[in-house]
C-alpha cells in the first residue's frame, strides 16, 4: 500500500515550527502531539462503527459509535511516546503497548530491549507510533514482533519519513499502511533524514 502523506496548510505550518532548531522542548512536544492527532484522524477515517440507539434531549435515535476496545496504540520507545498523548486524545479507551528499541550508532541497526503489549493484541487493529521513519529498521522489527504475536492489521504513523524507509517497509510488509505528515528528501551518510528535524527523541525529552 502506498504511503499516505498528509497535505494540508496547517500541517505544513506546524512542521515549519517543529523543524526549526530554535523551537524549544515544550513547543516541540506540543507540536508532536498535535500532528499525531491529525495522523490519527486520517488513519481512522475508514474504521467501522457499531450501530447503537441513544436518546438525545429531544428524541430517541439510531446512530453509530466506535468500539474503542478493538484498537491499540503501540509507541516505539522512546520517541514514539511523544505521539501517544495525541492519539489517545482521539481514542482515549484504546489499549496501549510498548516496544523498546534503540539504534546502534556503529551499525545503524535497531536493538530490541523491551516488548509489552495488551492481552489479546492479536484481536486488535494496531497503530504503531514513531516520529521518524528513517532506514525503516526499527519499523520492520516492531512490525515483525507484532505479527509474531498474531496481529493481522497494522498501521504505521510517523511525523517525518524518508523515501528509503518507506521503500523497505513497503517491500517487507506491503500489508502495513504508512501515514506520515511529510516525506522528506533522503537519508544522509549518518542515516539521518534530510532536511528532517534532528533527533526526535532528544528534542522531545530535552536530552541534548
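The values are calculated or read from the model by the stated rules, or taken from the named source; none is laboratory data. What you see is a predicted model; the values in this text were computed from it and never measured. Positions of Cβ are generated from backbone atoms using ideal geometry, with glycine treated the same way; all protein chains shown enter the neighbour counts.
Wholly within the range 72-155, which strands (runs of 3 or more DSSP E) include no fewer than the required count, namely at least 2 residues that are modelled with pLDDT under 90?
Working: elements: 98-103, 110-116, 125-129.
In the range 72-155, the matching strands (runs of 3 or more DSSP E) lie at 98-103, 110-116.
Please work out which one of (1) without any contact (Cβ under 8 Å) to a residue 60 or more places away in the chain; (2) under 17 Å from residue 39 (Cβ atoms) is the condition residue 161 fails and give its number.
Here residue 161 meets the rest and fails (1).
In this structure, is residue 101 surrounded by 13 or more Cβ atoms within 10 Å (Cβ to Cβ), closer than 28 Å to residue 190 by Cβ and under 14 Å from the mean Cα position of the chain (by Cα)?
Details: surrounded by 13 or more Cβ atoms within 10 Å (Cβ to Cβ): yes; closer than 28 Å to residue 190 by Cβ: yes; under 14 Å from the mean Cα position of the chain (by Cα): no.
When the stated conditions are applied, residue 101 does not pass them.
Looking only at the range 9-37, count every residue that is closer than 17 Å to residue 75 by Cβ and either touching a residue at least 60 places away in the same chain (Cβ under 8 Å) or surrounded by 19 or more Cβ atoms within 10 Å (Cβ to Cβ) (or both) and tell me the total.
6
Evaluate the following for residue 166: is it touching a residue at least 40 places away in the same chain (Cβ under 8 Å), crowded, with 21+ Cβ neighbours inside 10 Å, under 14 Å from the mean Cα position of the chain (by Cα) and part of a helix (DSSP H, G or I)?
Working: touching a residue at least 40 places away in the same chain (Cβ under 8 Å): yes; crowded, with 21+ Cβ neighbours inside 10 Å: yes; under 14 Å from the mean Cα position of the chain (by Cα): yes; part of a helix (DSSP H, G or I): yes.
When the stated conditions are applied, residue 166 passes them.
Within the range 170-186, track down each residue that is within 25 Å of residue 34 (Cα to Cα) and free of Cβ contacts under 8 Å to residues at least 60 places away in the same chain.
Taking the range 170-186 as the starting set, the residues that turn out to be within 25 Å of residue 34 (Cα to Cα) are 176-186.
Selection gives 184, 185, 186.
Per-residue answers, yes or no, for (1) in contact with a strand residue (DSSP E or B) (Cβ under 8 Å, 6 or more places away or on another chain); (2) under 26 Å from residue 2 (Cβ atoms); (3) surrounded by fewer than 18 Cβ atoms within 10 Å (Cβ to Cβ):
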residue: 106; (1), (2), (3): no, no, yes
residue: 115; (1), (2), (3): yes, no, yes
residue: 127; (1), (2), (3): yes, yes, no
residue: 144; (1), (2), (3): no, yes, yes
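Could you look through the range 18-28, keep only residues that are touching a helix residue (DSSP H, G or I) at 6+ places or on another chain (Cβ under 6 Å) and assigned to a helix (DSSP H, G or I), and pick out the one that is nearest to residue 161 (Cα to Cα)?
Step one: list which residues in the range 18-28 are touching a helix residue (DSSP H, G or I) at 6+ places or on another chain (Cβ under 6 Å), which gives 18, 23, 28.
With assigned to a helix (DSSP H, G or I) added as a condition, the list becomes 18, 28.
On the way: 18: 14, 28: 18 Å.
The qualifying residue nearest to residue 161 (Cα to Cα) is 18.
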